[in-house]
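We did not get these values from a lab; they are worked out from the coordinates using the rules stated. All values derive from a computational prediction rather than experimental measurement. In this analysis, Cβ positions are derived from the backbone assuming ideal geometry, glycine residues included, and neighbour counts consider all displayed protein chains.
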């Protein structure tokens, strides 16, 4: 596992699921981590559970000004920013005929807008450390499309393109940019129930482990995309 002592990270959407699993691993390896969601009570509760290395900061990532404040408050608090994990996501699985304009915009604003706003605000600080890292949590839905995925598929496909273009933009500014694309994960995302009996999907901690493995690579090595699948998916 990487030695993250002295490192500072922001993990969006980190009060549950994949985001929370990432935070727990980063704290265990010595990082100071900003817990994020839209709810102040939720971020404070998780930060209290994880101890002094975790700080809760509420932010709606679809709001560009709020994203700028989140980055500024993090740097004011810790003096630096080393890692940004863009994990917050919205998934509304409806056909194009049933999806409202508001539901479409919510997915695009969170899944694409939030990544852009936070990355743009964070990059100068990440570059200043000499070895900054942005890791976007995407989905195999970005290239494996399905009925009812009009908004979700579109946003995750766009995230692949955004990530790889950003990687090319800042690779000579001491910032690496990667995307992790998991398949089915045993979380409550998309309205599905989390179950101990769902033995075949990936677990949130599997995705967190992939994050840690990316962070462990030396500065001159860059894994830009990680695709993850259950080893033995459910047979239909």
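Using only Cα atoms and rounding to the nearest 10 degrees, what angle (0 to 90) does helix 64-78 make with the longest principal axis of the chain?
On a 0 to 90 degree scale, this one is about 40.
Could you put 185, 223 in order, starting from the residue whose Cβ has the fewest other Cβ atoms within 10 Å?
223, 185
Report the label-to-label distance for residue 53 and residue 128 in nanometres (one decimal), using points 7 Å from each Cα along the Cα→Cβ vector.
Here the modelled spin labels are 2.4 nm apart.
Once you have the Cα-Cα distance between residue 222 and residue 172, take 0.36 nm times their residue separation minus that, and quote the gain in nm to one decimal. Working shown, then result.
On the way: separation 50, 0.36 × 50 = 18.00 nm, distance 1.23 nm.
Using 0.36 nm per residue and subtracting the Cα-Cα distance, I get 16.8 nm.
So for the stretch 82-148, Kirkwood radius off the Cα pairs, Stokes-Einstein at 20 °C and 1.002 mPa s: how many µm² s⁻¹?
Translational diffusion coefficient: 158 µm²/s.
Quick one: 127, 184, fewest Cβ neighbours within 10 Å first, how do they rank? All intermediate terms of the calculation are to be shown ahead of the outcome.
Numbers: 127 15, 184 18.
Final ranking by Cβ density, sparse to dense: 127, 184.
Modelling each spin label as a point 7 Å along the Cα-to-Cβ direction, I'd like the residue 80/residue 45 distance in nm, to one decimal.
Result: 3.4 nm between the two label points.
Report the extension gain between residue 65 and residue 205 in nm, rounded to one decimal, defined as 0.36 nm multiplied by the number of residues separating them, less their alpha carbon distance.
47.3 nm
Using alpha-carbon pairs under 8 Å, 6+ residues apart, how would you state the relative contact order of the stretch 8-221 in percent?
Result for the stretch 8-221 is 20 percent.
If you line up the long axis of helix 40-50 against the longest principal axis of the chain, both from Cα atoms, how many degrees apart are they, to the nearest 10?
70 degrees
Just to confirm the number: angle between the C-alpha axis of helix 150-170 and the first principal axis of the chain, 0 to 90 degrees, nearest 10?
Here the helix axis deviates by roughly 30 degrees.
Compute the distance in nm between two label points, each set 7 Å from the Cα along the Cα-to-Cβ direction, one at residue 3 and one at residue 145.
Reported label-point gap for residue 3 and residue 145 is 4.8 nm.
Take 112, 140 and order them by how many other Cβ atoms sit within 10 Å, fewest up front.
Listed from fewest to most nearby Cβ atoms, that is 140, 112.
What percent of all Cα-Cα pairs in the stretch 41-133 falls into each 5 Å bin, going from 0 up to the bin containing the maximum distance?
Taking every Cα pair in the stretch 41-133, the percentages come to 3, 13, 18, 20, 18, 13, 7, 5, 3, 0.
Nearest 0.05, what FRET efficiency do residue 28 and residue 235 give at R0 = 45 Å with Cβ-Cβ as r?
0.80
Determine, at each q value in 0.12 (inverse angstroms), the log₁₀ of I(q)/I(0) that the Debye formula gives when each Cα of the chain is one equal point scatterer.
-0.62
Full-extension gain between residue 72 and residue 165, please, as 0.36 nm times their residue separation minus the C-alpha to C-alpha distance.
Extra length from residue 72 to residue 165 when fully extended: 31.0 nm.
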